[in-house]
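The values are calculated or read from the model by the stated rules, or taken from the named source; none is laboratory data. No experiment lies behind these values; they were computed from the predicted model shown. Don't worry about glycine lacking a Cβ; one is built from the backbone with ideal geometry, like all the others, and counts go over all protein chains shown. Accessible surface is based on the protein model in full, side chains and every heavy atom, while ligands, DNA and RNA are left aside. Shrake-Rupley method; radii C 1.70, N 1.55, O 1.52, S 1.80 Å.
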Amino acid sequence: MAIELFGFQIQRKEEENKNVKSFVEPTQDDGAVNVSAAGGAISSFLDLEGAAKSEAELVQKYRTMMQQPEVVAAVDDIVNEAVNVTFNEKPVECVTDDLPLSDGIKKKVREEFDTILQMLDFSNIGYDIFSKWYVDGRLNYHILIDETAPKKGIQELRYIDPRKIRKIREYEKEKVGSTGNPGFVKRIKNEYYIYNEKGFNATQNSSISGGASSSGLKIAKDSIVHTNSGLMNENNSLVLSHLHKAYKPLNQLRMMEDAVTIYRISRAPERRVFYIDVGNLPKMKAEQYLRDMMTKHKNRVVYDATSGEIRDDRRHMSMTDDFWLPRREGGRGTEITTLPGGQNLGEMEDVLYFQKRLYKALNVPVSRLESDSGFSLGRASEISRDEVKFSKFIRRLRARFSILFDKVLEKQLILKGVISPEDWSEIKQNIRYDFQIDNHFDELKTAEILQNRLQILRDIDEYTGKYYSEDWVRQNVLMMNEDEIEKMKDQISDEQQSDEGEEQEPEDDGSF
């Protein structure tokens, strides 16, 4: 019996390789809960106690980390570098040059992508969307369509808190092998999402009022758009955020800062040491005499002129308490000395060490987060290796985040009838997304590489046509591929013909 699911589902043809079998489970990086489809228990019960609880706790920890100024500064630098929002240009564009489709369909794909950006309001809140994805490690949107007229496409994209939704993947086992040596292979039978308004926690795993089951509302797979960081734990059961590796260094830094603060406050003041001569008094009377001396010097009876009351005003901090020590007969008499404060209160090496560890775990160059390091506008050869690694890290983040655009664009194009589900699997690898670049180091690197190539081109110009062909120079000096070489030749030919045409036009001398 099929499960009743909320939302829409795109009808796809049966896969051609449905008879292809493997003993290895398919690799999944979406953190879905894997359950067995045997016995019919899937419609009434799902064991979500461990995985869902841990995932909600992870998201909560990641958001708690954003309360720390060092983490906020690092995430802000990463998101600002990845998503550049300006007033006159789109933050990201869809490039369809490599699509094996007609120009009309390519234009339609770009128009639908612009529609998706408008539904996401990416020009205004693109920073917030990318920040949620980076911090939480996952991003979910509910796709709303008009079920009476699905060809109108997506009507709205509504954000879903990742702590309230979970993906479920049902497997069924199939027996393979000989009778004497049997084995089993797993095949995906069904995939869907479960939404619970109260979240998937140990104390909040009750059913939704009017929900589809005791675990929550079951939602069709195509109604949800899910993208994550791609980072998994050691068991491949939980999706991790890029902040996960910085969790331990952050706690160590906070603990070290607290220890230094406590040490400085407790060891900064000098304390008095009172040696009280108790003579040959018995132990009980000696202690009483010592307490009397302490009360005599500590108590401060004051008169409050406002209320007319007399009160004992003891306003001394416990960390500055004096030391009172009894001294027996035969020793020196009553003496008051001082206990010096800490001498190494300016040592910060431990704190700086854990701070650098935190910055490295956050994948941001330390020079960007240190306040005493300025911004250098030098040559690309002067750019540190950390900046080059950071630039590559940003490109990887953009590529992973673009999966969101792929999934939404696929459903939009299929719903509107621009392409079929089978066509999308063939063209999705040829769609690129160009994010607006605002990295000065990339501009310096590109300009310097071009400058070096032109310098080599000037040096080799006298040998071109004698020892080196023009095609060799284009391929090995200018680093052009065959398509770029043909395109450049055509452009040069068109420009030469245009110039010759302008020269051949007769001049108007004003005669009739």
task = Output the residue which, of all residues in region 394-425 that are β-branched (Val, Ile, Thr) and within 25 Å of VAL239 (Cβ to Cβ), is surrounded by the fewest Cβ atoms within 10 Å (Cβ to Cβ).
result = ILE403
key: Neighbours by Cβ (under 6 Å, 6+ apart or cross-chain): first from region 391-412, in contact (Cβ under 8 Å) with a residue 60 or more places away in the chain; second of a type outside the set (Phe, Trp, Tyr) and in a helix (DSSP H, G or I)   = ILE394/GLU81; ILE394/ALA82; LEU397/ALA82; ARG398/ALA82; VAL408/ILE116; GLN412/GLU112
ask   = Within the group ASP313, ASP258, ASP304, which residue is of a type outside the set (Val, Ile, Thr) and at pLDDT 75 or above?
value = ASP258
task = Kindly check whether there is at least one residue in region 251-266 that is surrounded by 13 or more Cβ atoms within 10 Å (Cβ to Cβ), closer than 30 Å to TYR134 by Cα and aliphatic (A, V, I, L, M).
result = yes
key: One residue from LYS189, LYS218 being open to solvent by 30 Å² or more (accessible area, probe 1.4 Å) and either in a strand (DSSP E or B) or modelled with pLDDT of 70 or more (or both)   = LYS189
Filter result for LYS428 (under 30 Å from GLU81 (Cα atoms), open to solvent by 60 Å² or more (accessible area, probe 1.4 Å) and touching an Asp or Glu at 6+ places or on another chain (Cβ under 8 Å)) = yes
Criterion (at pLDDT below 70 and either within 30 Å of VAL72 (Cα to Cα) or open to solvent by less than 80 Å² (accessible area, probe 1.4 Å) (or both)) met by exactly one of SER213, SER241, SER223 = SER213
request  = Please work out which one of (1) modelled with pLDDT of 90 or more; (2) under 25 Å from the mean Cα position of the chain (by Cα); (3) crowded, with 17+ Cβ neighbours inside 10 Å is the condition LYS53 fails and give its number.
outcome  = (1)
Positions within region 98-127 being free of Cβ contacts under 8 Å to residues at least 40 places away in the same chain and not in a helix (DSSP H, G or I), in sequence order = SER102, ASP121
inquiry  = Pull out all pairs, ordered by first then second residue, where Cβ-Cβ is under 6 Å, the residues are six or more apart or on different chains, the first lies in region 447-476 and is within 19 Å of LYS489 (Cβ to Cβ) and open to solvent by 70 Å² or more (accessible area, probe 1.4 Å), and the second is at pLDDT 85 or above and not β-branched (Val, Ile, Thr).
reply    = ARG453/LEU478
key: Those residues of region 136-153 which are open to solvent by 10 Å² or more (accessible area, probe 1.4 Å) and either of a type outside the set (Lys, Arg) or not in a helix (DSSP H, G or I) (or both), in sequence order   = TYR141, HIS142, LEU144, ILE145, ASP146, GLU147, THR148, ALA149, PRO150
